[in-house]
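Everything below concerns the one structure shown next.
The values are calculated or read from the model by the stated rules, or taken from the named source; none is laboratory data. Remember, it's a predicted structure, so these values are computed and weren't measured experimentally. Here the Cβ positions follow ideal geometry from the backbone for every residue, glycine too, while neighbour counts run over all protein chains shown.
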Amino acid sequence: MSTADAGQQYYDELQKQAIAQVGSQFHTKLYPVKYPEQGDFFWNYKNIDDVYNKKTIDYINANVSPAKDISGLIELSSASGFPNRYNQVLTAIAYTLNTTDAQKLKNAQSNASIQQNAIVSDYQNTFGTITSDQEKAAGVANKCDYVMYIAGWIWSGRKTAGKPPLTYSEMANARSLKNSLPEAPMSADQVITDISVYLNIMQPVLAFEDSLSLGSWTLTQLKNNTSYPTEANGGIHEFDPVTGKSFDPCSDGYVINKSVEEINNGLQNTSNSISIAMKTSQSSGNEVNVHIDGQTGFSVGSWLKFTTSLGAEYDMSKSAGTSTDCSVKITWGGYVIVPFGSTAWAQDTNVGWYDKDPIYQAVKNGTQDITGYKFVSSVGYNMQSFAQGGEFGYLDNLLISNYPTIEITYQNADFSKFKQSWSEKVSGNLKLFGFISLGSFSEGAYGSSYEAGSSNSSFTIKFSASPEVTSVPQYQKTAFVIGGTLRNPGVD
Amino acid sequence: MFLLIKKAGGDFVLKIFYKAIYIIVAILNIIITTTFAANVDFSSGELKTELNQALNKEVQKIYHTNIIFIGDLSHKNIKWCYENINQYFNQDTLDYINARVISKSDNVELLDANSFPNAYNQTMTNIAYVVSQKDIQYIENTEQKIMVRKIDIVGDYESIFGEITTSELNRAKKICGYDLINNKYDYLITYIVRFQWYNQKNILPYDEMEHTNNLKNILQKAPPNSNKILDNVKICMNLEKGINSIIDKQSEKRWDLVQLKNNISNPTKANGAIQTINPDTGEVSTKFKLGYSIAPSLVNIEEDLNNADRIIDIEIPLKKDSIVANVEVKYQGYTMLYIHPQFWDEKNMTGWFDEEPIIEACKNTNQDVSGYQFVIMPPYEFKTFSQNGEFGYIKSLLICKYPPQISIKYKGEQEPIDIKKIKKELLGNLVANVPTMQSDAYVIGGTFEFIY
C-alpha cells in the first residue's frame, strides 16, 4: 500500500473527528490542509501599530486547490497565490451584451434617431427651415442639435439672463423640461413634447451604455486595486515577524474576524481537543501495519520519524528499544476557529479588492448568450467547486490548535535499551508515514518525555511542543493547522 | 457562558443529551466542545425548528415579529457601538450591515461587506424609464389633433378679424419680445389673446390661463365674436394637458432615477453620505460611503445590553426513549437594532436607497407599459425569503450582550450539578476591557427585507 493511501486514511479520520467536533459551525465542509511551504500558522497576526504579520497573511492569501495525491485534502499555493490568480481570472472577463440586448440597443438607437427627425421636422414646420448658416452661427453639427441649442439658449431664458445655454445633459436630467424652458414661444409645445419623448427614448440607450461602462469600470478598479494596493484603496502594511521591520509597499487587504486575545485564549484551553487513535503491528518484510480507528488499515515502511535539529533521524518502530507493536494517540489540544476574509470592494469608495460577483456571474453565464460578465478568454483553471476539482479558491476559516501531542505506548519493547539511547532534552520535527509534517521548526518543534510501563517490555513516550517552539517571540508564535473551510468564487 | 445540568441520572443519562446540546450550540453559533455521545440521534433540522419556534414565540411577545437565524460564522458578532462621539460611523458595524442577504430556506447567509450597495448599484444601472408604445402613440395622435386645432384657430381668427400681416407680427414682436413671436399662432395666442384680450398692459401668464375654469372671464377685452376661437384654444390647452401629464410623469421619474443613480455612485456629504471610523486605529475615512442609520440610540442599546433583567428565556423539551428533559436557553441583555439604508429623500436630494424602481422594474419588464424596466436583467433572483431570494438587506438585528446560557433540566430533580468535563470556548465577548467601539454583541437573529 502506498504512502498516499496512508495519508488518505489519516486525513479522512482527522477530517471526521474535526467535523464531529466543530463541523456544524461552518457554512461549508471542513477539509484538512496539506502541510504547505508556508509552514505553520502565525496566529499573532497584528502588532500594536495595526500592521499585519506577513507570515499570517502569506498563509491566508494562498490559493486553494485539491491535493493531487490525496482526495479531500486542501493544497495551498505559495503566498499571494489567490490574489494573483484572482487578477488573472478578472483579466479574462469582460462585460458584454447578448444578441438580444445588442439588438435592443440598436432598436433604441434607431427609435431615438427617428425621434430626432420628428424634432427637426416639427421645428421646421413651425419655425421655418433651419439653414446651414444658422447651424454654423450656433456652432452645431446638425439640425437636431440646432433645435436643442435654441431650446437650451433661447427658450430656457438663458439668453435673456446672459448665461450659457442649458446643456443636453441638463435638459435630460431636468425634473420638468417644460419648466426649464419658460421662454418658449406658444408654438413650441409640439417641439418640446418631441424633445421630451426623445429624452425618454434615450433612457434605455443610456442604461445600456451605463451598464456596459459600469461593468468595465468595475473590472478595471478590481484589477487595479488588486495589482496596486495602497493605503487609499484599502491595502495593508505587513511586518516581518523576525526583524519586526514593516514593509513599505502595501499588500492586498485581509480582515481577521477574531482578536489575537481570543485566539490566544482558545489555544490556552487545551482541554478542547480532537484525537485520533491508531495501532501498529509487525507486517511482512520491513513494513509496519497501521490501523487507524474506523479505517481499513495499511502497511508502511515507517509510520513516524523523529528528526532532531542536529540531523539525527529516529524511526519510532525501529529505534533502539522500540517495537512495531504500539497504540498511538494523536491529540490536537486548544483548537480555535479563525475566520477571516479579504478586504471587500466597495463601489462607493473604490476601496478594497475582492468582489466575487463578476467571477461568479461569468462562471454562471458560461457560454450562454447572456448579457453580463463573461469569459472572453480561457483562464486555464477549473473554476468549479473544490469537490469537483476546483483550482480557484480561498480559505475563509482555519481550524488551528497547538502542535499535536503524540502518545505512543509500546508493547513487546525493551525500555532499558530505549532509555540508554534516548534523550528527552533533544528537540526535533515529526513526520507521519514518511511525508506528513506534524509541524515544523528550525530548532525542532517537538520535545519528548517517556514513562515506564508495568514491565520492561512496555513503556510510553509522549511528543509535545518543545520549549524552543513555545518560547519564541510573540509574533513568531505558530499554531498547527488542522483544517479549513474554503470558498470557490466561481460557484460559491 | 455557563453550562449547568440539573440532576444527573448518571453519566449515561447525561451523555444522551450531549448531542442535542451540541446541535443547539451549533445552531446558535457558539463553540462548545466535549466528547459527545455520537450514537444519540437528534436531528439538527428538528432541533433548529424547535429552537426557532420557541425563540420566536418569545420574540413575538416583545417585538411582534419573527426573527430568522443567520447561518454563517463570520456574522455571529456585531460591533454594537455604531458611531463615535463625532458621529463617524463604525466601519466594522457598517461592514456587517451593508452585506447582501441571501435566503437559505430556513436561515439567511450574509455576503461580504458592501455587497448590498454594490449589487444595488449594478441593479439600478440596469434600470431605465421606458415609455410604452401605447403612450408614444397617444402623444403622436394628440399632437396631430392639436396641430389641426391650431390651424383652425388661426383660420378662424383670420376669417373673422382679417389676415395677420407681417407688420402686425413685427409690432407684436416689439411688444412681446422677438423670440416669442415666430409665426401667426404665436401672434394670435401671445399677442392677441394673452395681451390684447387680457388687459393690454402685460401678458397673461400661461399658468393662469391654463388653470382658469372660464377663459372668457379673465379675457375681459375679448370681442364677442371671439368665442369660437377661445373655445378652440381651451380645447387645445386641454389636449396639451393630457400630453403634459404623461411627459411630466416621465420626466419626474426619469429625474428621480438620475438623482438616485448619482447619489449611489457619487456619495458626498451634500447628498447625505457618511464617513467611517476604523474602530481599531481611530482613523476617519476621507472617502464618503453610502449611509445607513441604526436605532435606538447608543445609550439605549448600552442600557439594554447591561440590563441583567432583560432575558429571553426559552425551553425546548427533549425526549429520548423514557428520558425527558428541558433544554433552557437564556439570552441576557437583549435589544433590537433597527437598521435602515439611507432612504432617498427627494425633497433634500439626499440618501441613496429606494426599492420602488426595482419593484416596479420587476413588475414591468418585458411588458408594454410606461415605467421603470430592466433594460438588462440583473444577475440576482428577485424573490421572497421563502422563494430563496438573493436580493435582501438587513432590517433589524436582535442582539444580546452574551452568547446564550444553556442548561438542561431533568424533570423531577432539583439539584444542579456542574458538568466539569464539558468545556467551552466562546467566540467574542470574553475579551476584557476592549474599547467601546470594538465591543461585540452576540447576534441572535434578524429580520430581512427581500426585494422582488
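What single numbered condition from (1) more than 30 Å from A:Val376 (Cβ to Cβ); (2) part of a strand (DSSP E or B) fails to hold for A:Glu75? Of (1) more than 30 Å from A:Val376 (Cβ to Cβ); (2) part of a strand (DSSP E or B), only one is false for A:Glu75: (1).
Every condition in (1) under 30 Å from A:Tyr254 (Cβ atoms); (2) in a loop (DSSP other than H, G, I, E, B); (3) not basic (Lys, Arg) holds for A:Asn224 except the one numbered (2). Listed by position, the strands (runs of 3 or more DSSP E) inside segment B:83-160 whose residues that are not polar (S, T, N, Q) number at least 3 are B:108-110, B:127-130.
Out of all the residues in segment A:31-45, is one or more in a helix (DSSP H, G or I), under 23 Å from A:Lys431 (Cα atoms) and among the basic types (Lys, Arg)? Checked against the condition, which is being in a helix (DSSP H, G or I), under 23 Å from A:Lys431 (Cα atoms) and among the basic types (Lys, Arg), segment A:31-45 yields no hits at all.
Any idea which of A:Ile130, A:Ile74 is aliphatic (A, V, I, L, M) and more than 30 Å from A:Leu398 (Cβ to Cβ)?
Details: A:Ile74 fails: more than 30 Å from A:Leu398 (Cβ to Cβ).
None of the other options fit; the residue is A:Ile130.
Just checking, does segment A:153-176 include any residue being buried (at least 16 other Cβ atoms within 10 Å of the Cβ) and within 22 Å of B:Gln144 (Cβ to Cβ)? Looking for residues that are buried (at least 16 other Cβ atoms within 10 Å of the Cβ) and within 22 Å of B:Gln144 (Cβ to Cβ), one finds none in segment A:153-176, hence no. Given the criteria in contact with a Lys or Arg (Cβ under 9 Å, 6 or more places away or on another chain), closer than 27 Å to A:Trp345 by Cα and touching a residue at least 60 places away in the same chain (Cβ under 8 Å), does B:Asp280 qualify? Judged against the criteria, B:Asp280 is a match. Scanning segment B:51-77 for residues being closer than 21 Å to B:Thr281 by Cβ and modelled with pLDDT of 95 or more gives a total of 0. Of all residues in segment B:52-79, those that are within 14 Å of chain A (Cβ to nearest Cβ) have Cβ atoms under 6 Å from Cβ atoms of residues that are of a type in the set (S, T, N, Q) and in a helix (DSSP H, G or I), 6 or more apart or on another chain, in B:Leu73/A:Gln25; B:Lys79/B:Thr93.
Can you tell me which residue within segment A:227-248, out of those that are outside any loop (DSSP other than H, G, I, E, B) and over 17 Å from the mean Cα position of the chain (by Cα), is surrounded by the most Cβ atoms within 10 Å (Cβ to Cβ)? So the residue we want is A:Glu238. I'd like to know if segment B:293-308 contains one or more residues that are touching a strand residue (DSSP E or B) at 6+ places or on another chain (Cβ under 8 Å), buried (at least 18 other Cβ atoms within 10 Å of the Cβ), closer than 22 Å to B:Phe343 by Cα and of a type outside the set (S, T, N, Q). Yes, segment B:293-308 contains a residue that is touching a strand residue (DSSP E or B) at 6+ places or on another chain (Cβ under 8 Å), buried (at least 18 other Cβ atoms within 10 Å of the Cβ), closer than 22 Å to B:Phe343 by Cα and of a type outside the set (S, T, N, Q).
State yes or no: is B:Lys289 loosely packed, with under 14 Cβ neighbours inside 10 Å, within 14 Å of another protein chain (Cβ to nearest Cβ), of a type in the set (Lys, Arg) and within 25 Å of the chain's Cα centre (by Cα)? First the steps, then the outcome.
Details: loosely packed, with under 14 Cβ neighbours inside 10 Å: no; within 14 Å of another protein chain (Cβ to nearest Cβ): yes; of a type in the set (Lys, Arg): yes; within 25 Å of the chain's Cα centre (by Cα): yes.
When the stated conditions are applied, B:Lys289 does not pass them.
In segment A:357-381, the qualifying residues are those that are more than 14 Å from chain B (Cβ to nearest Cβ) and in contact (Cβ under 8 Å) with a residue 40 or more places away in the chain, and the one that is surrounded by the fewest Cβ atoms within 10 Å (Cβ to Cβ) is A:Ser378.
Does B:Val148 satisfy being more than 10 Å from chain A (Cβ to nearest Cβ) and among the hydrophobic types (A, V, I, L, M, F, W, C)? So B:Val148 passes the test.
Yes or no, residue by residue, for (1) among the aromatic types (Phe, Trp, Tyr); (2) farther than 25 Å from A:Asp210 by Cβ; (3) in contact with a Leu (Cβ under 9 Å, 6 or more places away or on another chain); (4) assigned by TED's automatic domain parsing to the domain that holds A:Leu212:
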{"residue": "A:Lys104", "(1), (2), (3), (4)": "no, no, yes, yes"}
{"residue": "A:Ser110", "(1), (2), (3), (4)": "no, no, no, yes"}
{"residue": "A:Ile119", "(1), (2), (3), (4)": "no, no, no, yes"}
{"residue": "A:Asp122", "(1), (2), (3), (4)": "no, yes, no, yes"}
{"residue": "A:Gln134", "(1), (2), (3), (4)": "no, yes, no, yes"}
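β-branched (Val, Ile, Thr) and either free of Cβ contacts under 8 Å to residues at least 40 places away in the same chain or buried (at least 16 other Cβ atoms within 10 Å of the Cβ) (or both): is that true of A:Val426 in this structure? Spelling it out, A:Val426 is indeed β-branched (Val, Ile, Thr) and either free of Cβ contacts under 8 Å to residues at least 40 places away in the same chain or buried (at least 16 other Cβ atoms within 10 Å of the Cβ) (or both).
Of all residues in segment A:217-234, those being in contact with an Asp or Glu (Cβ under 8 Å, 6 or more places away or on another chain) and more than 14 Å from chain B (Cβ to nearest Cβ) number 2.
Of the residues that make up segment A:4-21, is at least one aromatic (Phe, Trp, Tyr), crowded, with 18+ Cβ neighbours inside 10 Å and touching an Asp or Glu at 6+ places or on another chain (Cβ under 9 Å)?
Looking for residues that are aromatic (Phe, Trp, Tyr), crowded, with 18+ Cβ neighbours inside 10 Å and touching an Asp or Glu at 6+ places or on another chain (Cβ under 9 Å), one finds none in segment A:4-21, hence no.
Can you confirm whether segment A:249-256 contains a residue that is at pLDDT below 95 and buried (at least 22 other Cβ atoms within 10 Å of the Cβ)? No; the residues of segment A:249-256 include none that is at pLDDT below 95 and buried (at least 22 other Cβ atoms within 10 Å of the Cβ). Every condition in (1) crowded, with 19+ Cβ neighbours inside 10 Å; (2) on the phi > 0 side of the Ramachandran plot holds for B:Met349 except the one numbered (1). For segment A:176-196, indicate whether the set of residues that are at the interface with another protein chain (Cβ under 7 Å from one of its Cβ atoms), of a type outside the set (S, T, N, Q), within 30 Å of B:Asp248 (Cα to Cα) and not in a helix (DSSP H, G or I) is non-empty. So far as segment A:176-196 goes, yes, one or more of its residues are at the interface with another protein chain (Cβ under 7 Å from one of its Cβ atoms), of a type outside the set (S, T, N, Q), within 30 Å of B:Asp248 (Cα to Cα) and not in a helix (DSSP H, G or I).
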